[in-house]
Each structure stands twice: as C-alpha cells, then as structure tokens.
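Where a number appears in this text, it was derived from the coordinates with a stated rule and is not lab data. Quick caveat: nothing in here was measured; it's all calculated off a predicted structure. FYI the Cβ positions are ideal-geometry reconstructions off the backbone, even for glycines, and counts take in every protein chain you see.
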Amino acid sequence: MNSDANPVFTLALTFAVMSLFAIGGANSAIPEMHRVAVDVHHWLTDKQFTDVYAIAQLSPGPNVLIVTLIGYSVAGLAGALVATLAMCVPTAVLALFVSRFLARSSHARWPAVVQAALVPLSIGLMGASGFILARTSDRTVVAVLMTVVAAVLASVTKLNPLWMLVAGGCLGFAGLIG
Amino acid sequence: MPSDSPPAATAPDLLTSPPTLVELFLAFAKMSLAGFGGVLVWARRGIVDQHKWMTADEFNETFALCHFLPGPNIVNLTFVFGSRLRGLPGAVAAFSGLVGPPALIMVVMGALYHRYGEIDALRRILSGVACAAIGLMLAVVFRMMTPLIKRRDLIGLLTLLAIFVAIGVLRLPLAAVLLVAIPLSIAITYARRKEAA
C-alpha cells in the first residue's frame, strides 16, 4: 500500500494486528500473511512465500516463526526481531490477563461457548491456508500426489512428519515435483 | 537445583520452590528445539512428564484457554505458564527460551535462502518439501473437521465453508471477515445451545 513507509514499522503494525485475529494459531493467519506479504506489499513472490513456509516447517520451533523469516526477508535482522515480537507479545499479554481473570472468577461458562463458536472459523482458516499454498505448489500430478499421500499418511499413521518433508524434498531434488 | 529431585512436585510445592529463570529458559529452549512440525507434544512431555511442573489436567486446561485466544497457542501457553511460576520475569524467561534459539536458526536459514535461494536444486527441494507440508496441514484440517461431520453439524460446516471461501478464494482481509464472523458465530452457537438446553 504505502511502500515509502519504514518497512520495520509496517512489519510491527501488520503482525501485531494480525496476531489478534489468528484464531486457532499461527497457521490460521497464513492466508493473511500471504495477502499482506505477496499481494499488498510485494515483499515476497508467490514462490518465495511457499519456500519460506517450507523452510519454517523444516526447522524446529513453534509454527509462528514463519514470521521471523518473512521479517528477515523484508528488513534483515531488525525485521526478523520486530516481526517475531509483534506476532507473539500482544496475544501473549492478552492470554496472561485472561488467564488471571478466569483464575479469579468461576464463570467458566462463556469460554466454552466462545470456544465452540471459534472452532469452525479456525478450521476454515487452516483450510484456506492449505488451499493458498497448494495453488502455488501443487502444479504437477506428482506434486498433488505428494500432498495427498502426506495428508493420508499423517491422518492414518503415527509416522514422524519430518520423514514426509524429507521424502518431499527428495522427490523435489529428483525433479519430479516441477 | 538437581533435576532428579523426587517427582512429588505438585502446584503448592512449586510455589515454594519454583524453577529458576535459567531453568525455565533452558527447559523451554530444549522443548522448542526438539519440536519439528509443532512444539505442543514436546511441551506436554517436558512440562507434565519430565519436570512435573503441571498435572495433565492443568496442562489441558491451560492449553484449552490458550487455544481459544488468538495468536500462536504455544507461545501463549509458555507465557501464561512462566508467569504462574515466576511472575513476569518467568514469563519472559520461558518465552525467550521457546522463541529465541529457534528464531536464531530461522535467521540463519533466512540468510542462507537469501544467498542461495536461486540455486535450481534448492528451489526444487523446497517445492517438494512444501507439497508434503501442505499435506500435513490438510491432515490437521481433516482431523479437526471429523467431529463436526460425525455430529452432522451442518451449521458448523457451513460456517467453515464460508470462512474458507471468504479468506481462501475471495482473499478478503482477515480482520474484516472475522469482525463479522466471530460475533455471528458466537450468537448462533449461543442460540443453538439455549435451544438444546
């Protein structure tokens, strides 16, 4: 939108606001990250965005750290630091206040309703995440097969997901994914 | 403080001798660095089984709370947990352990990608990894949808579909969509529960 503005400031504001709407966790915010980083600010290309997602999945740590990579691509170390803190701190402080409030009150009723109401929203957001990433990544028959096989294996077996990422990497290296 | 002290530590014991800030930092760094594809399993193992800092029920309750609040769940959980043991410094220590070391790794990966990302072999490998990672995410979506399908929760499934279309297909801004969808969904859920009761 406004590419003249200081990118670090834009990162801070973008991710702080985004975190407040990330219901169900960081993966629910991926469509919004993609919209902001690829469509609005042109920080990353479509391919770079899925690359960044793949790197984040290959690395240890919480899923939210994809924002560290996005921040780094935009503004180096400062960008990485600011994006990470902006995505984590506001909601962590909110969680702290809410948990203290709930510990003092015995009104545990309304969170159950809110929680039930948020579940379908959070699933819909994650489905949208998968869809947006797949649009860029799954462009060949083998690529689609890889995604389907990984989804089925993860659903019906207890296989460590890391093996599926490694298998995907090998197929990609062999030039089968495209 | 020896880590092999008797595992009798329940909440009251913890309040008299909670883990030090350094211990909190190290424990969360370890869980985080072990967590490929999600830290939750390792956090449960570390907090409940290994350190006995929480009972399984306490952990589930805290996680449920952090799951319905926005933001990265595991980060919220870490922050709330750290503050229960050692106040704000505890929260910061646990959070720094959880996020600091893997974020450093991420920065190194980012620098490598920045430098070598155009190499064809690497591009192909990452494409393959992305395909598999998308499959893993879809598996989570299916697993979460199963209870809705089993209950034949048509309204829940329609809500899900509406969000999917608005965000995934129409690419509307998240905040705008949720500011409409959250109150609407809460109102519908509340009305249905009242009706059922």
Long-range tail of P(r) for the range A:17-119 (Cα pairs > 23 Å, %): 34 percent
Largest to smallest principal axis extent of the C-alpha atoms in chain A, angstrom: 57, 47, 25
Show the residues, 5+ positions off or on another chain, whose built amide H is closer than 5 Å to the amide H of B:VAL39. A:ASN63
Using a simple spin-label model with points 7 Å from Cα along the Cα→Cβ vector, what separation in nm is obtained for B:ASP49 and A:CYS170? 2.7 nm
Taking only Cα atoms of the protein assembly as shown, radius of gyration then Dmax in Å: 20.5, 61
Of the listed links A:LYS158/B:LYS150; B:LYS30/B:LYS52; B:LYS52/B:LYS150; A:LYS158/B:LYS30, those spanning more than 24 angstrom between alpha carbons are B:LYS52/B:LYS150
If you plug each phi of the range B:92-107 into the Karplus form 6.51 cos²θ - 1.76 cosθ + 1.60 with θ = phi - 60°, what whole-Hz ³J(HN,Hα) values come out, in order, with x for Gly and Pro? 5, 5, 5, 4, 5, x, 5, 9, x, x, x, 5, 4, 4, 4, 5
Among A:LEU133, A:LEU118, A:LEU81: highest mean-square fluctuation, GNM of chain A, C-alpha pairs under 10 Å: A:LEU118
If I take every Cα pair under 8 Å that is 6 or more residues apart in chain B, average their sequence separation and divide by the length, what percent do I get for the relative contact order? 17 percent
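For the range B:81-197, what's the relative contact order in percent, using C-alpha pairs closer than 8 Å and at least 6 residues apart? Working shown, then result.
Numbers: 28 pairs, mean separation 9.3, N = 117.
Once divided by the residue count of the range B:81-197, the mean separation gives 8 percent.
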Testing the spin-label approximation: label points 7 Å from Cα along Cα→Cβ at A:ARG135 and B:LEU161. State their distance in nm. 2.0 nm
Rounded if a/c is under 1.5, else prolate if a/b is larger than b/c, else oblate: which is chain B, with a ≥ b ≥ c the root eigenvalues of its Cα gyration tensor? oblate
Run the helix sum for chain A: -39,500 (n - 2.57) per DSSP H stretch of 4+ residues, divided by residue count, reported at 222 nm to the nearest 500 deg cm²/dmol. -24500 deg cm²/dmol
Table column - 3J(HN,Hα) (Hz), the range B:114-122, Karplus curve with 6.51, -1.76, 1.60, x for Gly and Pro: 4, 7, 10, x, 7, 5, 4, 4, 5
The range A:68-156 - Rg (one decimal) and Dmax (whole number), Cα, Å: 19.2, 55
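Please find the FRET efficiency linking A:HIS42 to B:ALA121, where r is the Cβ-Cβ separation and R0 is fixed at 30 Å, and quote it to the nearest 0.05.
That gives a FRET efficiency of 0.70.
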